[in-house]
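Presented below is the structure to which this report refers.
Every number here is computed from the coordinates shown, using simple stated rules; none is lab data. Since we're looking at a predicted model, the values are computed, not measured. Ideal geometry is used to build each Cβ from the backbone, glycine not excepted, and the neighbour counts take in all protein chains shown.
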């Protein structure tokens, strides 16, 4: 059985992870490296203002709570890199997505599969 962050878990537990992942200037590789360095998303967020070489725009807690509640309203779940339930096939990638927001059966993510993923910036190049 897959473990995912859902309504049964604390919204407050999710907020720092999503604030970090949604911070402008933090990509999936930076997300991973910062968590490895500072251990928790909250500790990482507290360190960002001290980075002199880059200014980060951290989303408000209210904006993130709205995203979480909207996802839960659709029966959605969050899978976070480094946390139980995150698909092993993705976790091993050097640029694995920081957070997966999913609708549906999260256990399917642990089965063998093939996927074609198109980044939204490239969608105009794909013929369906």
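Observations on the structure shown:
- Total residues in the stretch 46-56, condition within 15 Å of residue 31 (Cβ to Cβ) and either touching a strand residue (DSSP E or B) at 6+ places or on another chain (Cβ under 9 Å) or in a helix (DSSP H, G or I) (or both): 3
- Residues in the stretch 69-108 that are assigned to a loop (DSSP other than H, G, I, E, B), over 15 Å from residue 17 (Cβ atoms) and without any contact (Cβ under 8 Å) to a residue 24 or more places away in the chain: 87, 92, 93, 104, 105.
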